[in-house]
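Let me begin by presenting the structure, written as structure tokens, before commenting on it.
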Amino acid sequence: MTVSAHPTHCPAILIAASASGQGKTTVTAALARLHARQGRRVRVFKCGPDFLDPYWLALASGAPVYQLDLWMTGEADCRARLGAAAADADLILVEGVMGLFDGTPSAADLARRFGLHVLAVVDASAMAGTFGALAFGLQHYQRDLPWAGVLANRVAGAGHAEMLRVSLDTPRDWLGALLRNPALVLPERHLGLTVASELPDALERLDAAADALQSTPLGQMSLDQLQRWEVDFAQADGSEPEPVPRLLQGRVIAVARDTAFCFIYAANLDCLQAMGAGLRFFSPLANEAVPDCDAVWLPGGYPELHADAIGHSTATRAGLARHIASDKPVWAECGGMMALFDTLVTVDGVAHAQWGLLPGVVSMHERLAALGPQQLALPSGTLRGHTFHYSTTQTTMPAAMRTSPPDAPVKPDAGEALWHSGPVRASYFHAWFPSAPAAVAELFGAPKKEQA
């Protein structure tokens, strides 16, 4: 095994595509699994706000997966996480988001900012010579884009692969072809990929993808050959990230966590612990009681897939009611918020009683209701995050405040509502806790003297 003599240097590849659905996650996970099986230390990141792909990437690499986003997490946070990974990894992989140039900031912006070499995954199932044109355009659309090459996905056979290879302007860019194989497609549902932990054969699926990738030029590259994509992630000014203030010292936060409440950034848990909080987890689906705690976090997830079980989790509901009656804070995000309302109507029109701790009805829809980056300005600071949901909520509660898009003023009829009822704060907004620790302390009710 070859490890860089420089603690901030490491081969780093950003796996991107021309659009969503090209196979980025499968290729990223396959590459991570292939090198992890060979005893190499692989660290994987996900570009942009995403809860679901990281489950597959963490399973493939055997290490936690963190998000990188030049707006939501910020450049300093991105650089610090990449630098820490480079210090003990043999290979860094970053899965892009949507198409390479989609969004502001885009995956290409991230690649250019940090020198990540772009590996383009192209679904070539319905093309031949155009493959070369598409690869050329992805490489040259923006100046100074670090480039690794292109991998063809869903290829019909050896003859098709050869047509694709010869269409490239630069032969060195050819990193191979993955043949069309339904077994390599990761299962999806309305919010994205199915969570890996829900599938008993998840690791076998990743091994099959890694085996397929191993036959390509990319999969056959040694660690020494990967050094041509080495990047230096040292802080430009040599500074170290500021320590997280311990504003939650000694407080205990109970966190709902199971397949219904699974939209949890690893960085958010890290942030709470760095702030001094102790974490206790419980499962509403298992009807577990709420642990003794100072505050509760109900993260997002898939309550609509488990609406009947949530409605019958009477022990959890009773514990939450006692917690609220004791005037202890609750922060409920998206799916966690949905379960607090009286009723959840699934997309088939069936109404399911929920916990009834907030007045209102949540209705699922077949089409997306909201998507995009958002920020929540609290008195203690502004939290950055995003929104992504297929439901709408009807409630008699007025919005205490609203979120807003990046660099935009808050409008009365725009953004996500923040509902405030007693000690409960609830919103469709998903917060990135490290963006504003003081605001996190406000949400979880840290005493004022600890917020000072």
How many residues of region 323-342 are part of a helix (DSSP H, G or I), touching a residue at least 12 places away in the same chain (Cβ under 8 Å) and surrounded by fewer than 24 Cβ atoms within 10 Å (Cβ to Cβ)? The answer is 2
Sole miss for Ala309 among (1) in contact (Cβ under 8 Å) with a residue 24 or more places away in the chain; (2) small (Gly, Ala, Ser); (3) assigned to a loop (DSSP other than H, G, I, E, B) is condition (3)
Only one of Gln354, Gln375 is touching a helix residue (DSSP H, G or I) at 6+ places or on another chain (Cβ under 7 Å) and surrounded by 21 or more Cβ atoms within 10 Å (Cβ to Cβ), namely Gln354
Evaluate region 58-74: report whether one residue or more is among the aromatic types (Phe, Trp, Tyr) and in contact with a Gly (Cβ under 9 Å, 6 or more places away or on another chain).
no
Suppose we filter region 275-284 for residues that are buried (at least 17 other Cβ atoms within 10 Å of the Cβ) and either part of a loop (DSSP other than H, G, I, E, B) or touching a residue at least 40 places away in the same chain (Cβ under 8 Å) (or both); how many remain?
4
Checked region 206-228 for anything part of a helix (DSSP H, G or I) and either polar (S, T, N, Q) or not assigned by TED's automatic domain parsing to the domain that holds Phe114 (or both); matches are Gln225, Gln227
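Results for (1) farther than 22 Å from Tyr265 by Cβ; (2) under 15 Å from the mean Cα position of the chain (by Cα); (3) outside the structural domain of Met98 (by TED's automatic domain parsing); (4) among the β-branched types (Val, Ile, Thr), shown as yes or no for each residue.
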| position | (1), (2), (3), (4) |
| --- | --- |
| Ile13 | yes, no, no, yes |
| Lys24 | no, yes, no, no |
| Ala29 | no, yes, no, no |
| His35 | yes, no, no, no |
| Gln38 | yes, no, no, no |
| Arg43 | no, yes, no, no |
| Trp56 | no, yes, no, no |
| Val65 | no, yes, no, yes |
| Met72 | no, yes, no, no |
Are any residues in region 117-136 more than 29 Å from the chain's Cα centre (by Cα) and β-branched (Val, Ile, Thr), and if so, which ones?
Thr130
Would you confirm whether any residue within region 38-56 is at pLDDT below 95 and touching a Lys or Arg at 6+ places or on another chain (Cβ under 7 Å)?
yes
Please go through region 106-119 and pick out each residue that is surrounded by fewer than 18 Cβ atoms within 10 Å (Cβ to Cβ) and assigned to a loop (DSSP other than H, G, I, E, B).
Gly115
In contact with a strand residue (DSSP E or B) (Cβ under 6 Å, 6 or more places away or on another chain), in a strand (DSSP E or B) and not basic (Lys, Arg), is that true of Thr387?
yes
Condition check: crowded, with 22+ Cβ neighbours inside 10 Å, within 19 Å of the chain's Cα centre (by Cα) and either assigned to a helix (DSSP H, G or I) or not assigned by TED's automatic domain parsing to the domain that holds Trp56 (or both). Does Ala267 satisfy that?
no
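Being of a type in the set (Asp, Glu) and either part of a strand (DSSP E or B) or not assigned by TED's automatic domain parsing to the domain that holds Ala84 (or both) is the filter here; which residues of region 120-169 pass it?
Asp123
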Have a look at Gly422, Gly385, Gly360 and point out the one that is under 15 Å from Gly336 (Cβ atoms) and either at pLDDT below 95 or more than 26 Å from the chain's Cα centre (by Cα) (or both).
Gly360
Consider Phe341 carefully, then state whether it is assigned by TED's automatic domain parsing to the domain that holds Thr316, closer than 30 Å to Ser435 by Cα and modelled with pLDDT under 95.
no
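The values are calculated or read from the model by the stated rules, or taken from the named source; none is laboratory data. Worth saying up front: this structure is predicted, and the values here are computed from it rather than measured. Note: ideal-geometry Cβ built from the backbone for every residue, glycine included; neighbour counts use all protein chains shown.
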